[in-house]
1. Taking a cut-off of 19 Å, what percent of all Cα-Cα pairs in the stretch A:1-133 are separated by more than that?
2. Mind listing which trypsin sites (Lys or Arg not before Pro) in the stretch B:228-280 are in a DSSP loop and have 14 or fewer other Cβ atoms within 10 Å?
3. Going by C-beta contacts inside 10 Å, put B:His205, B:His161, B:His219 in order with the fewest on the left.
4. Across peptide B:114-124, what mean number of C-beta atoms from other chains lies inside 10 Å of a residue's C-beta?
5. Measure nothing fancy, just the Cα-based angle from helix B:45-61's long axis to the longest principal axis of chain B, in degrees from 0 to 90, nearest 10.
6. Enter the angle in degrees (range 0 to 90, nearest 10) between the Cα long axis of helix A:3-19 and the first principal axis of the Cα atoms of chain A, meaning the one along which they spread out most.
7. Once you have the Cα-Cα distance between B:Asp237 and B:Ala45, take 0.36 nm times their residue separation minus that, and quote the gain in nm to one decimal.
8. Compute the FRET efficiency between B:Arg271 and B:Leu63 as 1/(1 + (r/R0)^6), taking r as their Cβ-Cβ distance and R0 = 35 Å, and round to the nearest 0.05.
Amino acid sequence: MQKFQRIRWFVFLVLVQVLVLNYVHINHYATPLFYIYFILKVDSDIGRKNLMLWAFALGLCVDVFSNTPGMNAAASVLLAFCRPLLLRSQILRGSPDVFEPGIRAMGFSHFLRYAFIGTLVHVGMLDVLDAFSFVHMRALLFAVVSDVLMTLFCIVCVELVRRRK
Amino acid sequence: MRNLLDFLLKYNYFLLFVLLEVICFILLFRFNSYQGSVFFTSANAVAGKVCELSSGIARYWGLEEVNRRLTARNVELELEVEALRRAVDGYAQDSTVARHLLDRAYDNYHVYPARVVNNSIARLNNYMTLDKGSDDGIRPEMGVVCGNGVVGIIYMTGPHHSIVLPVLNPKSSISCKIRRTEYFGFLKWEGGNPQYAYVKDMPRHSEFMLGDTIVTSGHSAVFPEGIPVGTVDDMVDSHDGLSYLLRVKLFTDFARLTDVMVITSVRKEERTSLEDRVEF
């Protein structure tokens, strides 16, 4: 992704998240947190620190609109911190050095595993920070599972559509 | 020492990670404890404007329904005013006394109309953004009501926007009472369904029936007495067994709130300063 295109994606994903997706619930659960698609898709050669700063800015922008200063930012930075590890664990041996993580470059099952673990890290952190206690354990687990499934569903759909182009 | 420096230089991305997370947590905890951090919320100028634009578009889709409800409410109030006027006429021999009483009931309160531009109901800590701020005379700790009932309390204000701590936030606590029998408790919401909240600390000897109306008590300076809150839906013993816990079906439908009123007592300052002087 070029710099300009990256900024365009950034603005687009923040607006879609805060104006549409934040209001999507199924029985008060299952909110898609689709904006992390940005962090998952950045080219593999980006520096770890660079990516963390991007993730911090992205999370903070979403936070500002949803009155949760620091929450989405903390979860996004954690995801950005973990991403190189995840990517290395799901990489194929013959793949090129620099690539854009996706179904095309990694294959469906590897990308799905990569996206699933990434989403789980992000949503887990976010929901734990939101609840800030383990008293209602069942509700918390249910929130994590439903949010992960919803987010993963959105990511895979968009990825399949974009691959066909 | 040299080893330590080498170590820090090698793993400097880890330091950046810790630094960013610390910033996030500072923001998070400051927002929850300190009321001045309006900049990083949707009451700041840019975010407020975007929310306003988006809710302006969304509002059009509900206009028909809003109109219908307003008309229904209008007719209801019209009938109530008529009935009350007749009742007052019956009691007072002198009509000027009645008029004087009616005028005085609203003299003590200022009302500012405002619009909801951003709202959440599905999280645990819900907040709401209004399109009026400190430049319009809104101050923290003013009450917010809508046509059906109580909404919340102003939490913090920017120049043109303000954030409301609605009933649907565990931090909110509003003093209320049963309209029929005057026993009072306080209103709390603990997550889950946004249509139901709980009244706590209702004494064991209090009298109530399912279906009784709960209204604000007027014991705090925020809300005047008698603003409707909801109806008693269910009752259980509190955890310590010393009082009742009433489940209340709220009159306010937070999922479709668009127009609200910010209400404040003219004599609030006098009253709070008097209450502050009492040492607890």
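1. Working: 4311 of 8778 pairs.
In whole percent, the long-distance tail amounts to 49.
2. Details: sites: B:Arg247, B:Lys249, B:Arg256, B:Arg267, B:Lys268, B:Arg271, B:Arg277; in loops: B:Arg267.
Taking the stretch B:228-280 and a limit of 14 other Cβ atoms within 10 Å, the loop trypsin sites (Lys or Arg not before Pro) found are B:Arg267.
3. Numbers: B:His205 7, B:His161 30, B:His219 13.
Listing B:His205, B:His161, B:His219 from fewest to most nearby Cβ atoms yields B:His205, B:His219, B:His161.
4. Numbers: counts 0, 0, 0, 0, 5, 1, 6, 3, 11, 11, 8.
Mean shielding by partner chains, rounded to a whole number: 4.
5. 50 degrees
6. Long axis of A:3-19 versus the principal axis of chain A: about 20 degrees.
7. Numbers: separation 192, 0.36 × 192 = 69.12 nm, distance 4.63 nm.
Stretched fully, the B:Asp237-B:Ala45 segment lengthens by 64.5 nm.
8. On the way: r = 39 Å, r/R0 = 1.13.
Computed FRET efficiency for B:Arg271 and B:Leu63: 0.35.
Values in this text are rule-based calculations from the coordinates and carry no lab data. Small disclaimer: the values here were computed from a predicted structure and weren't measured. Cβ atoms come from the backbone with ideal geometry, glycine included; neighbour counts cover every protein chain shown.
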